[in-house]
Amino acid sequence: VLGLLADRAMMKIDGETHILKVGDSYEDITLVTVNSQEARLLINGKERVFGLGQDRGGVQKREENGESVLISANANNQYVTSGIINGRVVDFIVDTGANTVSMNRNDAARLGVDYRRLGTEGLSGTANGVVKTWRVRLDKVKVGAISVGSVEATVRDTDDNAPVLLGMSFLSRVKMEQNGSSLKLTGR
């Protein structure tokens, strides 16, 4: 779900962007309802709820102790999901080995993160060696309906094609449970 309007949702389906009005269908997907936070879809006869920015198989549900998102591992055994940083949609790889949410300078520019003005310069060890970084604080990071404010992040001063890492500065503030090839995140 890329965007939510009064009676429509903008969604990425099989890599293509589609806008559906409530009641409209695309192949086996029907938009049932929409509000400012989520879209309720009927997919192959099963109703599922997707929060803004959520995709790649993540299933969102409300639990007694908070919102939760279930993320299935991909073919490379990585947990990939979409989320939102400062109001903009981003694809994340869940990385418990990353101390912070981490992105390259191109992602930072696209997400409106002014790391050179607001950040603190430093160095970080990565899989590709030591790189220059900037420590910043993100106003809000959201995965499904789970929202965490004031999240520490690192901007790698590189042009690498590495994905945005959903690191421990976010993950330590939610409950994580792994069961087989699924990872469940629950807001605290």
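The values are calculated or read from the model by the stated rules, or taken from the named source; none is laboratory data. Predicted model, so just to flag it, every value in this text is computed and none were measured. Note that we place each Cβ from the backbone using ideal geometry, even for glycine, and neighbour counts take in every protein chain shown. For the accessible areas, the whole protein counts, side chains as well, though only heavy atoms, and no ligand, DNA or RNA atoms are used. Shrake-Rupley method; radii C 1.70, N 1.55, O 1.52, S 1.80 Å.
Mind checking whether some residue in the stretch 96-103 is outside any loop (DSSP other than H, G, I, E, B), β-branched (Val, Ile, Thr) and modelled with pLDDT of 90 or more? Checking the stretch 96-103: at least one residue is outside any loop (DSSP other than H, G, I, E, B), β-branched (Val, Ile, Thr) and modelled with pLDDT of 90 or more.
If you go through the stretch 6-27 and keep only what is modelled with pLDDT under 85 and farther than 22 Å from THR81 by Cα, you end up with just ALA6. Cβ-Cβ distances below 9 Å connect the following pairs, each with a first residue in the stretch 169-182 that is within 18 Å of ARG135 (Cα to Cα), a second residue that is open to solvent by 80 Å² or more (accessible area, probe 1.4 Å), and a separation of six or more residues or different chains: SER169/ASN99; LEU171/THR96. Here ASP160 meets the list (1) touching a residue at least 60 places away in the same chain (Cβ under 8 Å); (2) open to solvent by 30 Å² or more (accessible area, probe 1.4 Å); (3) not in a strand (DSSP E or B) almost entirely, failing just condition (1). Selection of the stretch 70-112 for residues being among the aliphatic types (A, V, I, L, M), over 20 Å from GLY149 (Cα atoms) and in contact (Cβ under 8 Å) with a residue 24 or more places away in the chain yields LEU70, ILE71, ALA73, VAL80. The requirement of being hydrophobic (A, V, I, L, M, F, W, C) and either more than 30 Å from SER36 (Cα to Cα) or not in a strand (DSSP E or B) (or both) is satisfied by VAL113.
For the stretch 131-140, taking the residues that are at pLDDT below 95 and closer than 19 Å to ASP91 by Cα, the one that is least open to solvent (accessible area, probe 1.4 Å) is identified as LYS140. Pairs are defined by a Cβ separation below 7 Å, a sequence spacing of at least 6 or placement on different chains, a first member in the stretch 6-20 that is under 16 Å from GLU38 (Cβ atoms) and open to solvent by less than 80 Å² (accessible area, probe 1.4 Å), and a second member that is of a type in the set (Phe, Trp, Tyr) and modelled with pLDDT of 85 or more; the pairs so defined are LEU20/TYR26.
Across the stretch 138-172, the qualifying residues are those that are basic (Lys, Arg) and under 12 Å from the mean Cα position of the chain (by Cα), and the one among them that is nearest to ALA109 (Cα to Cα) is LYS140.
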